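Student: Right, I'll just put the structure down here and ask away after.
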Amino acid sequence: MSAKSHGLSRFESLSKHCADAPAETLPQVFGRIGPRNEVTGIGPGGSPFGPESVTNAFIAAVDGMRDETDPEGDVAAGMTFFGQFIDHDVTLDATSAIGTRIDPASIRNVRTPALDLDCVYGDGPEASPHLYHPSHHGFLLFGNGNNALDLARNTHGTALIGDPRNDENQIVSQLQGAFVCLHNIVMTMLEGGASLAQPAMGGIRTSVLEDMAEDEEPFQVARRICRLHYQWLILNDFLPSFVDEDVLKKVKHSLSHGVLPAPFHPDAPVMPIEFSGAAYRFGHATVQSKYKLNDDMPDFDLFQLGRPEFTYRPEERNISFTRLFDFPGNATFQKARPIGRKMAGSIFILPFIGDPLTIGHHTIDAEQARKLPLRNLLRDRFALELASGQQMARKMGVPEIPAPRELRDHGITKTPLWYYCLQEAESHGGKLGPVGGTIVATTLLRLLYLDPESVVCSAHDFTPWTELGASKDGNYSTGHMLKFVEENRSTIAHAGDLLAG
């Protein structure tokens, strides 16, 4: 690319590159990788399946999912919310509704389809100036007069962040804050000397960076450093936490050799609706009944962690992340539930749902409409008409799992994809198996391979820096990153100036 791309976001630079080379086009953002799967068949009573009979079957099945025990898997409890943070970085469907049939190709994704932390950076200081300090160029606003460790907020208490959803519960809100602080810590390090910049520039295989390398400004270097570490964590910490080892190894091998695992293909949508509408919703099954935020507060369930209005966070709710993540040397952190068909009672009922739900001519009363697993199943079958788990298994060439008894007893032999992914995980140690794991891993890793600046497109292997919390032996995790942030927050330059609200 001969023209310099100063001022452009990563996605804008990639779009410009595609515009300059007409043969290369961005794949459709939302769409299907499996066949459309309409509701068909004859129910146990001899009548064709319809909204009422299918809904009643699903209600009977999901009522057996509720679990008041708290089994623990091997994964840190906070990784559930890191997954939610990642989801908010790549998808936002602000238009579709459960009771309406939707063509996935018509859904607008408000997020950039890239693992680029645009939920933190917006479009940079020039295009999203409300996120940045006007005088300390490149520093993100953070903290407010009520709580120096809360997000920056306007006078109404609304968080000044790239995606307002990241203020919807205490854990995701404070993960957002941790990435803001990580950036400001790196900016502070760059202000102290330019020697840190060179490693961030080296080995990135793209003409965009070659054009910018000589006069890259500190903000762009800091953003790249943070993005590379974030992407490394997705690749080496998040995905191994939730995807079966053999499945993940197979996906990585395929993509590293330029091959997309079936049923993905070069023209497949960047954001398959089977990912966003089903497979990636595995996180619901990993939520625990209660979370311990710090030494002083009682345990909270998920919806107590949220707020009726997104507003100021009191200091007593500041999280000690060592309770939720695998801090080096700490073995006492809480663990997420293993993925399966059971779901914690604290998330089973959505307290903020107050209206009935209409599917076709059938009305589901508000009490049933509040059930999260039921809503997931109805979205799958009536709004998105997703391929069943068995159909996806056939397209992938992997053994099918028959529909479980709780569905077969009601005449349903094609398992909704979300439910199939949970069932499949039960025979893979509580991690996503061949169908769910392939969809999740391929979607996220493909985003990295489509990004010329990503951690997998480096000309040499990127390794996390000891200067940012990695162990000398190369060990690095989300816990390492958060420990580094907690230990270095006090070093951020201009901290008092960065407060807003």
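Student: At a 1.4 Å probe radius, carbon and sulfur cover how many percent of the accessible area of the range 358-419? Mind dumping the intermediate values first?
Tutor: On the way: 1140 of 2440 Å².
Summing carbon and sulfur atoms, their accessible area is 47 percent of the total for the range 358-419.
Student: Ordered by residue, what ³J(HN,Hα) values in Hz, to whole numbers, does the range 56-67 give under the Karplus form 6.51 cos²θ - 1.76 cosθ + 1.60, where θ = phi - 60° and Gly and Pro are x?
Tutor: 4, 5, 5, 4, 4, 6, 6, 4, x, 7, 5, 9
Student: Place +1 on the Cβ of every Lys and Arg and -1 on the Cβ of every Asp and Glu in the range 364-425, take the dipole about the Cα centre, and give the residue among 397, 386, 419 whose Cα lies farthest towards its positive end.
Tutor: 397
Student: Quick one: which residues, 5 or more positions from residue 364 or on another chain, have an amide H under 5 Å from its amide H? H modelled 1.01 Å from N in the peptide plane, none for Pro or chain starts.
Tutor: Amide H neighbours of residue 364: 357, 358, 359.
Student: Could you list, in their original order, any pairs among 249/431; 249/342; 335/483; 290/342 whose Cα atoms are separated by more than 21 Å?
Tutor: Values: 249/431 14 Å; 249/342 27 Å; 335/483 17 Å; 290/342 16 Å.
Going by Cα-Cα distance, 249/342 fall outside the 21 Å limit.
Student: Let me ask something additional. Sequence-distant or interchain residues sharing an amide H contact under 5 Å with residue 31, placed H: which?
Tutor: It is 271, 273, by chain and number.
Student: If you roll a 1.4 Å probe over the heavy atoms of the protein chains, what accessible area per residue do you get for the range 373-501, in Å²?
Tutor: On the way: 4610 Å² over 129 residues.
Each residue of the range 373-501 exposes 36 Å² on average to a 1.4 Å probe.
Student: Sticking with this structure for a sec: Share of the range 110-168's accessible area from carbon and sulfur, percent, 1.4 Å? Before the final figure, lay out the partial values.
Tutor: Numbers: 1160 of 2090 Å².
Answer for the range 110-168: carbon and sulfur cover 55 percent of the accessible area.
Student: Please work out the Cα convex hull volume for the range 334-393 and give it in Å³ per residue.
Tutor: Working: hull volume 6.9 nm³, N = 60.
Spread over its residues, the Cα hull of the range 334-393 gives 115 Å³ apiece.
Student: Here is a follow-up. Hull surface divided by four, with the convex hull built on the Cα atoms of the range 373-498: how many nm²? Don't skip to the answer; put the middle values down first.
Tutor: Values: hull surface 53.1 nm².
Averaging across all directions leaves 13.3 nm² for the Cα convex hull.
Student: Still on this structure, please answer the following. Probe radius 1.4 Å, ligands and nucleic acids ignored: give me the carbon and sulfur share of the accessible area of the range 249-324 as a rounded percent. List each step's numbers first, then the result.
Tutor: Values: 1790 of 3420 Å².
Here carbon and sulfur together make up 52 percent of the probe-accessible area.
Student: Continuing with this model, one more query. List the residues, sorted by chain then number, that are 5 or more residues from residue 37 or on another chain and whose placed amide H is less than 5 Å from its amide H.
Tutor: HN-HN under 5 Å from residue 37: 386, 387.
The values are calculated or read from the model by the stated rules, or taken from the named source; none is laboratory data. The model shown is predicted, which means the values in this text are computed figures rather than measured ones. Glycine also receives a Cβ, built like all others from the backbone with ideal geometry; neighbour counts cover every protein chain displayed. What goes into the accessible areas is simple: the full protein's heavy atoms, side chains included, and nothing from ligands, DNA or RNA. Shrake-Rupley method; radii C 1.70, N 1.55, O 1.52, S 1.80 Å.
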